[in-house]
Amino acid sequence: LFRSVAARTSMPAQVSPEANMKRYRLILLAALAVSGTAAAVDDDTAQLELTQAITAVQTAERDDAARYAPADLDEAHAMLDSAQSAASAHAWTDTAIYAERAKVAGDLASARSRQHRAESATAEIERSVDTLRSQIGGAP
């Protein structure tokens, strides 16, 4: 019975690696095509992303990122400029993409700036503790 079912369906015994790769490529292309259409952004969403990016860059500037994380802040400014240019051209998907990159770069610049300030404060406290220990004759 099993042989007759297999014979009627004419299923191959094994699939070649080339056929598997071809199948995977087709699946990948289909997934990319679907994700590309799903990623289409309307103007309200793009404007919201742009506003969030502006806020992140301004926060980085207030956190003194120009001093402690200048490369990250420069990247945030460049991405923000690109997002604003895309918004002027009504390229909403590009606006959202560049705005998200600007937001991430701005957040990173803020984080690095805060980290640097925290490390500096910690080092100052450690120096003060060492000074107090030496004054009271304690071990360093």
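Working only within segment 55-73, note down all residues that are assigned to a helix (DSSP H, G or I) and either in contact (Cβ under 8 Å) with a residue 40 or more places away in the chain or touching a Gly at 6+ places or on another chain (Cβ under 9 Å) (or both). 55, 56, 57, 58, 59, 60, 61, 65, 67, 68, 72, 73, listed by residue number.
Within segment 110-121, identify whether any single residue is surrounded by fewer than 18 Cβ atoms within 10 Å (Cβ to Cβ) and under 18 Å from the mean Cα position of the chain (by Cα), and answer yes or no. Among the residues of segment 110-121, at least one is surrounded by fewer than 18 Cβ atoms within 10 Å (Cβ to Cβ) and under 18 Å from the mean Cα position of the chain (by Cα), which makes the answer yes. Please find, among 95, 9, 37, the residue that is at pLDDT 60 or above and among the hydroxyl-bearing types (Ser, Thr, Tyr). Checking each option against the conditions leaves just 95.
For the residues 131, 95, 122, the requirement of being among the hydroxyl-bearing types (Ser, Thr, Tyr), under 14 Å from residue 54 (Cα atoms) and outside any loop (DSSP other than H, G, I, E, B) singles out 95.
The values are calculated or read from the model by the stated rules, or taken from the named source; none is laboratory data. This is a predicted model, so every value here is computed, not measured. Positions of Cβ are backbone-derived with ideal geometry, glycine not excepted, and every protein chain shown enters the neighbour counts.
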